[in-house]
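Each value in this text was obtained by applying a stated rule to the coordinates, not by laboratory testing. Given the structure is predicted, the values throughout are model-derived calculations rather than measurements. Cβ coordinates were reconstructed from backbone atoms using ideal geometry, including for glycine residues, and neighbour counts include every protein chain displayed.
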Amino acid sequence: MTIMDTMLPEYEQEMAVTRKTLECVPDALWDYKPHPKSMTMGALASHIAESHGWVMGTMQSDEWVMDMATYKPFVAANREELLKAFDANVAEAKGAMKGATDAHLGVMWSMKNPDGSIMFAMPRGSVLRCFVLNHTIHHR
């Protein structure tokens, strides 16, 4: 049994639960903030949907330069757009993850600042679990 043989079913199960959560985000409260410093409910839900689009880049490259000066986060206009983006990103993520070898998941992956300094580095499989899966669970 490979690492992905155990990781993919876990991912699928967590994405089913996450989708159910996103289905509960009401359009009427899209701009709700529990605190002035908080993200809006719509922005946070969009962040969850967008983060699964990061899987393809994680699987296809060994690093990602995160430039906050140019990064434009995805913000869905409503629940319908949110779920469409989430479903597309999860389908793409699952496609990128299927068939990944243990060797590929063991390759070191880095998130870097624009100046080349490393924010964090860990094996690709750990990035999937921590940066994508655990991150989703945290926000859910």
Taking H as built 1.01 Å from N, whose amide H comes closer than 5 Å to the amide H of Lys112, not counting residues under 5 places away?
Trp64, Val65, Met66, Met119
Could you work out how far apart the two model spin labels at Thr6 and Glu63 are, taking each label as a point 7 Å from the Cα in the direction of the beta carbon, and quote it in nm?
3.1 nm
Using only helices, what value at 222 nm comes out for the chain when you add -39,500 (n - 2.57) per DSSP H run of length 4 or more and divide by the total residues, to the nearest 500 deg cm²/dmol?
-15000 deg cm²/dmol
In cubic angstrom per residue, the convex hull of the chain built on its Cα atoms measures 108 Å³
From the phi angles alone, apply the Karplus equation (6.51, -1.76, 1.60; θ = phi - 60°) to segment 123-130 and give each ³J(HN,Hα) in whole Hz, x where the residue is Gly or Pro.
x, 3, x, 5, 4, 4, 6, 7
Quick check: pseudo-label points 7 Å beyond the Cα along Cα→Cβ at Gln13 and Ala103, how many nm apart are they?
3.0 nm
By how many degrees, between 0 and 90 and to the nearest 10, does the Cα long axis of helix 79-97 differ from the longest principal axis of the chain?
10 degrees
On a 0 to 90 degree scale, rounded to 10, what angle separates helix 41-51 from the longest Cα axis of the chain?
20 degrees
Over segment 41-87, what relative contact order in percent results from Cα pairs under 8 Å that are six or more residues apart?
63 percent
Cα-based count: Lys pairs in the chain below 25 Å, eight or more positions apart or different chains?
13
Calculate one ³J(HN,Hα) per residue across segment 24-32 by plugging θ = phi - 60° into the Karplus curve 6.51 cos²θ - 1.76 cosθ + 1.60, and present them in order as whole Hz with x for glycine and proline.
8, 6, x, 4, 5, 10, 4, 9, 5
Quick one: if you stick a label point 7 Å off each Cα along the C-beta vector at Tyr71 and Asp115, how many nm between them?
1.7 nm
Can you give me the C-alpha center-to-center distance between segment 81-140 and segment 13-78, rounded to a whole angstrom?
14 Å
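Calculated FRET efficiency, Cys24 and Met56, Cβ-Cβ r, R0 30 Å, to nearest 0.05?
On the way: r = 27 Å, r/R0 = 0.90.
With a Förster radius of 30 Å, E is 0.65.
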